[in-house]
Amino acid sequence: MEKKFDVITFGESMVLFSPGEKGPLRHIHQFSKSVAGAESNVAIALARLGHEIGWFSKMGADEFGRYIKFMIRGEGIDVSRVIEDEQHQTGLLFKEHFEHVNTNVYYYRKDSAASFLSIDDLDEEYLKSAKILHITGITPAISISARKAVFKAIDIVRKAGGIISFDPNIRLKLWALEEAKPILLELCRAADILFPGVDEGEQLLGIADPKSIIKEFHDMGAKTIALKLGKKGCMVSDGSKTTYVKGYTVEHIEDSVGAGDGFAAGFLSSYLKGLAIEECGDYANGVGAMATLVRGDSEGFPTYEQLLSFTHKATHIDR
C-alpha cells in the first residue's frame, strides 16, 4: 500500500552559491554552497516541524543534482520520485549582498533539467497519497511542459480527494507579468489554500486593499487565504471571518529569502494539526520570522519545539 504523505510538492531546486562578503560578485572569491528552491524550502520546513513530506524534481545526473538530493533526503524527506536527466544540467544561482538593500539573485537555470519536467514524469499513485499538494507559481514559469505537469498534478490530487495549496510566488525574472497573470489566476482558482503576498494581490488583481484582495480571491474559489503582509504579519480568512495576525519583530535580518516559504510551511503545519485559522497565521508568522534570522534559504527553519519557544508558547531550557 502506498505511503501517505501530509504534503507532496515538486519543482526546481538549484545549488545556491552565497558570497562570503558583501559587494559586487566580480570582487568576491569565496562562496558557500547550499540548496535553494521554493518547493524544497517548504518541504524542508514542514519536515523539521514533524511532517511526512514528499518532494520530487528532475535534475542533472551531475554532482550538483546528487548534492541536492542528498541534502533534501537528509532532512527526512522522501525523494524516491526524483528523476535524473542525463541530457541536461542542474540549475545554479548566485546571491549578491549589499549593506541595507535587498539581496540580488542571479539565475543560471536556462534549459536546466528541471525545465524539462513534464506530465510523463508524474507518478499518479504517488500524488494520490498526498493529503495536500503544495505548488508555487515558479514551476509553471520555467517551461510549458512543467506548466502542464502542474495542472495535471492538481487534477490528479483533486480527483483523489486531496487539498491544493498554492503560493503565487511571482518571479518576473522568469516571465513577464502579462504572460504570468492569466496562468497564475487560473491556479488561484484551483487552490483550496492560497498564500498571496499583498503586492502579488495588487499585481494579479489590481487591488491594493488587503480585505478586498481576500474577498476577490474567495470569490474566485479559494476556501482558506493567508495574505502575507511582510513584517506586519498576515491576514487570514476562512470565508466567514477575516482576522489580522500581528507579525514577530526581528531586530536584525540576516537574509529574507525563504521567509515566504517558511510562512506557507508554518501555516500548513498548523492546518494539518487542526488549529484555528488565527493560530495557523501566528505559527506561519513565526516560521517566516525565524527564517530571516539565519543566512540561507532554509537554514533558519525551526523544529516545532524551537517554534513554540520563539512564539512564547513554551519555555526553552538551554541546559
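Using a cut-off of under 19 Å, list every residue of segment 261-283 whose amide N is near the label point 7 Å from the Cα of His312 along the Cα-to-beta-carbon line.
278-283
State which entries of Lys69/Lys313; Lys181/Lys241; Lys110/Lys215; Lys159/Lys215; Lys3/Lys223; Lys152/Lys223 exceed 29 angstrom in Cα-Cα distance in the structure shown.
Over 29 Å Cα-Cα: Lys69/Lys313; Lys110/Lys215.
Once you have the alpha carbon radius of gyration of segment 59-124, what is it after dividing by 2.2 N^0.38 Å, with N set to its residue count?
Cα Rg divided by the expected 2.2 N^0.38 Å: 1.35.
Test of the criteria: in segment 86-118, which GluC sites (Glu not before Pro) are in a DSSP loop and have at most 13 other Cβ atoms within 10 angstrom of their Cβ? Can you show the working numbers first?
Values: sites: Glu86, Glu96, Glu99; in loops: Glu86, Glu99.
When the GluC sites (Glu not before Pro) of segment 86-118 are filtered for loop state and at most 13 Cβ neighbours within 10 Å, Glu86, Glu99 remain.
Given R₀ = 30 Å, FRET efficiency for Val250-Glu179 by Cβ-Cβ distance, to 0.05?
Efficiency, rounded to the nearest 0.05: 0.30.
Per the helix-only calculation at 222 nm, which mean residue ellipticity applies to the chain, given -39500 (n - 2.57) for every DSSP H run of n ≥ 4 and division by its residues, nearest 500 deg cm²/dmol? Walk me through the numbers before you get to the answer.
Working: 11 runs with 117 residues, N = 319.
So the calculated ellipticity at 222 nm is -11000 deg cm²/dmol.
What is the packing order of peptides 122-135, 253-266, 22-35, taking the mean over residues of other C-beta atoms within 10 Å and listing the highest first?
In decreasing order of mean packing, 122-135, 253-266, 22-35 become 253-266, 122-135, 22-35.
I'd like the trypsin sites (Lys or Arg not before Pro) in segment 219-307 restricted to DSSP loop residues with at most 12 other Cβ atoms within 10 Å, sorted by number.
The qualifying sites are Lys241.
Can you order the peptides 36-44, 193-201 by their average number of other Cβ atoms within 10 Å per residue, highest first?
Packing proxy ranking, top to bottom: 36-44, 193-201.
What number do you get for the chain when its Cα radius of gyration is normalised by 2.2 N^0.38 Å, N = residues?
Numbers: Rg = 18.5 Å, N = 319, 2.2 N^0.38 = 19.7 Å.
Compactness ratio reported: 0.94.
Return the percentage of antiparallel bridges among DSSP beta bridges fully within segment 145-265, rounded to the nearest 5 %. The partial results should precede the final answer.
Numbers: 9 of 14 bridges.
So the antiparallel bridges in segment 145-265 amount to around 65 percent.
Using only the Cα atoms of segment 197-319, what are the Rg and Dmax in Å?
14.6, 52
Here, each number is a calculation from the coordinates, and none is a lab measurement. Remember, predicted model here, so these are calculated numbers, not experimental data. Here Cβ is always computed from backbone atoms with ideal geometry, including for glycine, and neighbour counts include all displayed protein chains.
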